Structure formats: C-alpha cells, structure tokens
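The values are calculated or read from the model by the stated rules, or taken from the named source; none is laboratory data. Keep in mind that this is a model prediction, so the values were computed, not measured. Virtual Cβ from ideal backbone geometry, glycine too; neighbours counted across all protein chains shown.
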Amino acid sequence: MTRPHAAQEGPPAECPCLQQPIAEYLDHLQHQKRYSPRTCEAVVHDLAGFSAYCVQARIGDLRQIDSHLVRAYIGARHRGGLQPASLHRHLSTLRGFFRHQLRQGRIDANPAQTVRAPKLRRRLPSVIGADALSAALDHSPEDALEQRDQAMIELFYSAGLRLAELHSLDASMVDAGQVEITILGKGSKERRVMIGRPARAALDAWLRQRPEHARAGEPALFVSQRGTRLSRAAIGQRLKAWAARTGLGVHLHPHRLRHSFATHLLESSGDLRAVQELLGHAHLSTTQIYTHLDWKRLAAVYDDTHPRARRKSSS
C-alpha cells in the first residue's frame, strides 16, 4: 500500500470506495442526528481531504484502510501545517465516520480509534473585566442601529449565547417581555437561558425601533440596514465597532463575551453545575476550564495582598 507524502495540486480527487459510504453518512448526520448545516459542512471538508489521500494511497476497498493509513494521513496534515486543534477535529470526524461503517457491517474495526493527534495545548479563554465591561455598557446609544448593537452585546453577556444562537433568534422569541427563553444550541440541544434586567431593557428599546428597519415579513430579531437578518460576519464587525466607540480597549468577539459571562458567574456563585447548564455544555469537563480562570485570578489576588506571599531574597 502506497503512503503518499504530499498532497497533489488541483481539486481533491474522490476515492471511489468512499463515495457511497460518505454520502450515506452525511444523510445519517443530517436527517437522523439532526446536525447543523455548518457541522455537516465541516464533516464534508474533513472527509474530502481523507478521501483524496486514499486516492493517492491507491485504496480500492474500505477494508484496506487501517490505523497505519489514518496515522500517516494525520502526520501528513500535521507536516502540512495543520494545527493540533484542527487535527483533533479531523480525527473526531474519521472516528465518527468509521464508527458508522462498523455499525453498518462494512468494516470489522475502527481504524481511527487508536490514532492520536499531537497534544492539544488548551488556551485559557480571554476574559473582559466585569467593571470595564459594565462601564462600556453604560454608554448610551445615539441611534437605532447603535441600540441594536447594545441589545446584542447585552444579550450575549446576559445569556452566555454563542454567535450562531444569537444569529438565529427571531423577534417573536423575545417580544413579549420574556426573561427566560429557549435556545437551540449545538447538536440541536435545547436549553433555557436568562435575560437580565439591563438586557431586557436594551431589547425592549430595540424592539420599539425594529419595525422601522425590518423588511415586511422578516422574522429576525437583529436586522441589517437592508432590513434582513444580520449576518454572522456583520455581528462580529458590529461588536468590534461598539468596543471602539465605547472605549472598551479590547478586541471584542462573541465568544469573548460568552467566556466573560461564564467566568463572572462562576466567580460570584461558585456553582459549576449551574454554569454548565446555562452554557449548554454536554460535559462538565468542558466547563471546568473556567475554574482554572478563577484560580488564576485568586492566585493574583493572593500574590498582591498576602503579607507572606512573596518572600524577599535573603541575599
């Protein structure tokens, strides 16, 4: 079996023995697992890369694919510059794909199961200080679109929403003064989130002005100047513009607000399970990263204030 060392130029070829299994697997993800379109796009991208590699390796049958081939593929992508986080995603995609083939009886073992990607260094999320964020949020919007931006940021921070979750909100979900709403998160999992008083007030102010900006029949909560649903890219751009206008002094993006929501809530409550529920994390281990953030803050306070924290040199 040939082990290719470099990807060929031009569009990736498709391995004939993988075409039908990949098509069936995507149908399974879309219609049975109910995966989001973005997740399915990522799966298509990952499997297309692996399929092209199998063409170069002259794979003619699904059962020819073994752990050595998968390991060689991951190694080739690593040498090609793919970062550990992306390699972990590729491996996760392959494990899921071959797990499905195993259930279908097409193979006898999962060739990706024992393959490991390079160690992933998990970076701590960047958090905005609560006082700095509150001061920025105290700035009054000067027009309707700035009021829209204010409502978006208040909602991100109040409910710990992901970008996709805020982007998909319709006005009907929040136009009756609700302080709790149901969000459809990752993996089509529903969760309840809270809308605090400042966020509710900002939403109400925007909802009063929204009819003048939304096209007839447009359901989106947040609309652009054209009256249609504000795109994800535009939401990111508006957050950056808001941070610059209010003097926040940091690079602002939706996930940074989500990190700040989780960290500030955990610092105040110490209830990791509650934070897990509000964030919609499937596993507590995902939420536990915020305990590291809290410990980092506590360690800094200790170093700055405890009389015996910093011992002077005896020399």
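Every test in (1) closer than 17 Å to HIS100 by Cα; (2) in contact with an Asp or Glu (Cβ under 9 Å, 6 or more places away or on another chain) is passed by VAL55 save one, and that test is (1). Listed here are the helices (runs of 4 or more DSSP H) enclosed by segment 43-159 that have at least 1 residues being in contact with a helix residue (DSSP H, G or I) (Cβ under 8 Å, 6 or more places away or on another chain) and charged (D, E, K, R): 67-79, 84-103, 144-159. Within the span defined as segment 273-280, every residue fails to be modelled with pLDDT of 90 or more, under 24 Å from LEU163 (Cβ atoms) and touching a strand residue (DSSP E or B) at 6+ places or on another chain (Cβ under 7 Å). Is there any pair linking a residue in segment 26-55 that is under 22 Å from PRO16 (Cβ atoms) to one that is acidic (Asp, Glu), with Cβ under 7 Å and at least six apart or on different chains, and which? Listed pairs, sorted by first residue: SER51/GLU14.
The residue pairs whose first member lies in segment 134-146 and is closer than 18 Å to GLY196 by Cβ, whose second member is of a type in the set (Asp, Glu) and surrounded by 15 or more Cβ atoms within 10 Å (Cβ to Cβ), and whose beta carbons are closer than 8 Å, counting only pairs six or more residues apart or on different chains, are LEU137/GLU154; PRO141/ASP149.
Looking at SER92, is it among the small types (Gly, Ala, Ser), in contact with a Ser or Thr (Cβ under 6 Å, 6 or more places away or on another chain) and outside the structural domain of LEU221 (by TED's automatic domain parsing)? Criteria not met by SER92.
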